[in-house]
């Protein structure tokens, strides 16, 4: 997905995926995924890729603002994504 936000053009295919959150509708049917992305300029983005199974979920690309709709805690991360988020200062890994 491509979108212009605050005069900058972003392409989700060129962003680094830092985490994801799968969505399910009331019937427990998969309805899409929201990704936490990092653009090449360092901006954090939230991209929702919906599949049409939930009328309340739609495709969207916006700036990540942890105080609004999403928290870093909402995203699942694999080990590499956890390490990268720690490098970026988004999370702290406690051993």
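Annotations
- FRET efficiency estimate (nearest 0.05) - Cβ-Cβ, residue 1 to residue 79, R0 41 angstrom: 0.95
- Taking 26, 21 and counting other C-beta atoms within 10 Å, the order from fewest to most: 26, 21
- Bins of 5 Å from zero: percent of alpha-carbon pairs in segment 2-87: 3, 14, 24, 23, 20, 11, 4, 1
- Peptides 38-50, 2-14, 68-80 ranked from most to least packed, by the mean per-residue count of other Cβ atoms within 10 Å: 38-50, 68-80, 2-14.
Bear in mind that the values in this text are calculations on the coordinates, not laboratory data. The model shown is predicted, which means the values in this text are computed figures rather than measured ones. When we count neighbours, we look across all protein chains shown, and the Cβ atoms used for this are built from the backbone with ideal geometry, even at glycine.
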